[in-house]
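Down below is the structure, laid out as structure tokens.
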Amino acid sequence: MTADPVAITRGLVRCRSITPEDGGALGYLQDVLAGAGFSVYRTTFAEPGTAPIDNLYARIGSEKPNLAFAGHTDVVPPGDEAAWHHPPFAGDVAGQTLYGRGAVDMKGGIACFVAAALDHLTENGGKPKRGSLSLLITGDEESVAVNGTVKLLQWAKERGERFDHCILGEPSNVEVLGDTVKAGRRGSLNGTLIVSGRQGHVAYPDRADNPIRGLVTLIAALQAPLDDGSAHFDPSHLEFTSVDVGNPTVNLIPGEARARFNIRYNDLHSQASLKELIGRRAHAAAGNNIRFAFDWPPSNADVFVTKPGPFTDLAAAAIAEVTGRTPKLSTSGGTSDARFIKDYCPVLEFGLVGQTMHQVDERVPVADLITLTAIYRRIIEKYFS
Ligand SMILES: [Zn+2]
């Protein structure tokens, strides 16, 4: 008998796990995994100013290689629940579709991997064919992501756990299951440009120094392209998100003006080299006339790429065997917990189709749950063959 990913998805969707609440989701997973012979550990992480968050680590087998699956059970809020055609935490199946918050992002993905792992164990006398299978599951991904995967990996490392490869089950596909594997993510860096002037009366501009003039000059200069893209990435991009003077007075030249921006950058840059490049461009545009400074808040979203190789080939082959599609290796989109995992082992992202994630009536075709389970099963078989 094979494990049922639809039942497991419904079990998870019925837990109201809006970050930072767990709603029983990890306990549900713990029961399923422990029942199949996994050693399951629960650990809570906290730090000042953030809600404590529950996390789960499970492993079966003690040998190498250790194939890990990572995911999150927390979900974004449902918004106006009355706008949903099926209640967001009921796990209704209507027609051939399962509705609920987290159906694709990413309780469905977790359920498919768990079902695939259970099937693999059943076929091999209750153990992995060789090596180990692990799950790293957090309740802190959708919000600030400080008490989740980043700390769970550190915790596991301190216990002596080692990971050889990891699949993160985020909804990676764009249109149809099997179209996209994410094999890297751009980095994200925020900055603030601060131009200093001298405050004064608008009627006497010669006695003041208006920083808005300098700010406009520097904003224009910093919008030049950063690069032309690389082998694995689109061009990096700097986007201004806010221009603030904070001046409520109509006859006052302000003393300071600020602009905030975000850079999504590819593997041609590091955070340090970007700061250097932006600083150099600003200096060139400013000449001796504009006094400015940059503020760079810390960022934990560095660029990374999992280069094509045996692991991506194995996943792509499994996907092709089950779906008939050759997936694109993509590095598009926002950041994910893969930015933390990449410091421990090669990671790729493959899960359901992302079209309805974070939307009202988030939903997944039952057929996709069955197919994704088959793909994960094939990946596990190939990995341990
Ligand atoms: Zn997600």
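Where a number appears in this text, it was derived from the coordinates with a stated rule and is not lab data. Values in this document were obtained by computation on a predicted structure and should not be read as measured data. Note: ideal-geometry Cβ built from the backbone for every residue, glycine included; neighbour counts use all protein chains shown.
What the table shows:
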{"item": "√(5λ) per eigenvalue of the Cα gyration tensor, segment 1-129, largest first, Å", "result": "27, 21, 10"}
{"item": "Net lengthening on full extension, Val216/Lys157 (0.36 nm per residue, minus Cα-Cα)", "result": "16.4 nm"}
{"item": "Chain lengthening between Arg130 and Val202 when straightened (0.36 nm per residue, less Cα-Cα)", "result": "18.3 nm"}
{"item": "Pairs beyond 21 Å (Cα-Cα), from Lys107/Lys157; Lys127/Lys157; Lys64/Lys151; Lys275/Lys328; Lys64/Lys157; Lys64/Lys382", "result": "Lys107/Lys157; Lys127/Lys157; Lys64/Lys151; Lys275/Lys328"}
{"item": "Paramagnetic label zone (point 7 Å from Cα along Cα-to-C-beta, Gln96; backbone N under 13 Å) in segment 7-48", "result": "none"}
{"item": "Packing-based exposure ordering (other Cβ within 10 Å, fewest first) of Ser385, Ser132", "result": "Ser385, Ser132"}
{"item": "Two-site FRET efficiency, Ile370 against Ala51, from Cβ-Cβ distance with R₀ of 51 Å, rounded to 0.05", "result": "0.90"}
{"item": "Local electrostatic count, Gly169, Cβ distance below 13 Å [Lys/Arg +1, Asp/Glu -1]", "result": "-4"}
{"item": "Distant alpha-carbon pairs in the chain (separation over 27 angstrom), percent", "result": "54"}
{"item": "Order of Asp22, Asp164 under a 10 Å beta carbon neighbour criterion, fewest first", "result": "Asp164, Asp22"}
{"item": "Computed label-point distance, nm, for sites Gln359 and Ala293 using a 7 Å Cα→Cβ extension", "result": "4.6"}
{"item": "Helix 25-35 vs. the chain, principal-axis angle (Cα, 0 to 90°, nearest 10)", "result": "30"}
